[in-house]
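*Asks:* Questions regarding the structure given below will be posed in turn.
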Amino acid sequence: MGRFALGPARNLQDRAEVNGRRRWLFALALSGCGGTPSTDPMIINDPVLPGGLRVSWSFELQDGTASSCVELEVARALVSVGGLPGTGDGGSFLEVECGESQVVQFDGLPTGPRPVILAALAADGDTVAEYSTTISISSEMTTEVEHIFTLSGTGPAVGDLAIGWTIDRREPASRCAEVGGRTTRLATTVGSIEDFDVSLPCEEGAASFEDLRRGTYFVRLTLQDADGLAIAFAEIEAAVTPGGQGIELTDFVVDPPQPARLVATWTIGGQAPASACGNFGADEVEVRVQNFDPDRLRFIDGTLTGTAACDASGIDLGAVSTVGLRRLAYRLVDTSLGDRLTLSSTVSQSFLVEEAQTSTISTDIPAPL
């Protein structure tokens with residue numbers, strides 16, 4: 001088991017890109033190793049005894065079968081422990097070669113939260129897989145961190161990603177020419193595990209990427225005209241898993257959907273409003289537009305509502321900016337006594353909003369008892 005006692009240390013992490021991949025370079029300067037020991041006084045506000053940290057790791061295949069660093073071509077593991085800001089403690093790290101112990105321990109750590117990074121590295125220094133967490137060091141106790149690297153086959157863990165696009169919810173084969181789209185550019189943005197920047201004919205409608213390093217990719221898509229000027233943008237976040245085939249779809253909005261209009265009409269107990277409203281003492285009809293929530297699989301009240309005189313027999317609710325499944329909720333109201341008295345139970349009518357269309361929804365409201 002590797003062992004490391006913390007002394008005055010300073011940890012520098014820098015990320016560099018080599019052959020299109022990211023590599024971690026760590027440099028550690030320990031006082032007493034070619035340098036002059038610090039003479040700065042140490043101020044101790046709380047004489048709490050230090051604690052320890054033990055980090056262990058193992059390897060398995062995607063099917064859960066135990067594996068080894070040799071089989072997966074992992075050359076070494078790197079364990080980095082961050083320091084405590086404002087204390088002069090810059091942190092520390094250890095590298096452990098494949099075939100040595102898969103456990104390391106850090107002793108003499110001051111109490112408090114610390115970031116821990118555990119990375120599996122290939123022979124050329126590329127990161128095969130990485131795990132990070134934040135732990136809290138407690139006085140006179142050893143904190144345990146255990147992790148299983150799950151990899152697919154040998155070498156760096158990679159996967160594939162396909163990204164497709166439409167324009168105004170229509171297929172690119174026909175819509176690209178209509179909006180003047182010539183190319184689609186796909187480029188990663190800040191935060192992606194690896195970079196790419198490609199341009200394809202707009203009509204292709206999809207781009208495929210193979211052997212991408214596992215991790216998260218933030219991709220900005222730009223629909224461009226013949227001069228390379230941007231027509232529209234779209235952004236996606238995609239996760240690449242070892243051996244996986246991720247598929248992401250997005251839509252360029254060039255022409256916003258034309259709003260639809262809603263008109264609500266009603267009868268009461270099967271009777272025309274002109275006679276039924278007086279018979280049942282109803283003065284008004286309230287109508288609410290409810291939107292379908294796919295996450296909760298139910299309708300919820302929207303912001304669009306309307307009130308009309310009961311005998312008006314209908315109300316124009318105005319424009320609805322998005323298409324999709326909606327529902328109208330009706331109820332009869334009596335205002336003759338100054339208060340709004342509901343005379344009927346709420347009755348609902350579902351319908352589908354279509355772009356640039358006027359939908360007239362007719363409902364029979366149950367007669368008040």
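*Asks:* Could you work out how far the C-alpha centroid of segment 164-201 sits from that of segment 231-261, in angstrom?
*Replies:* Value for the Cα centre distance between the two parts: 9 Å.
*Asks:* Loop-only GluC sites (Glu not before Pro) in segment 261-369, please: DSSP not H, G, I, E or B, and at most 15 other Cβ atoms within 10 Å. It would help to have the intermediate numbers written out before the result.
*Replies:* Numbers: sites: 284, 286, 354, 355; in loops: 354, 355.
Answer in residue order: 354, 355.
*Asks:* Would you grab the residues whose amide H sits under 5 Å from the one on residue 299? Only those 5+ places off in sequence or on another chain, please, with H modelled 1.01 Å from N.
*Replies:* 293
*Asks:* Counting pairs of alpha carbon atoms under 8 Å apart in space and at least six apart in sequence, what relative contact order in percent does segment 265-369 give? Show your work: numbers first, answer last.
*Replies:* On the way: 214 pairs, mean separation 34.2, N = 105.
Across segment 265-369, relative contact order equals 33 percent.
*Asks:* Would you mind classifying segment 110-255 by shape? Square roots of the alpha carbon gyration tensor eigenvalues, ordered a ≥ b ≥ c; an a/c under 1.5 is rounded, otherwise it is prolate if a/b is larger than b/c and oblate if not.
*Replies:* On the way: a/c = 3.43, a/b = 2.42, b/c = 1.42.
Prolate, because a/c is 1.5 or more and a/b exceeds b/c.
*Asks:* Still on this structure, I have one more. Compare the peptides 172-182, 270-280 by average per-residue count of other Cβ atoms within 10 angstrom and give them in order, highest first.
*Replies:* Numbers: 172-182: 16.9, 270-280: 15.0.
My ranking of the peptides, most packed first, is 172-182, 270-280.
All of the numbers you see were taken from the coordinates with simple rules; none came from a lab. Keep in mind that what you see is a predicted model, and the values were worked out from it rather than measured. Glycine also receives a Cβ, built like all others from the backbone with ideal geometry; neighbour counts cover every protein chain displayed.
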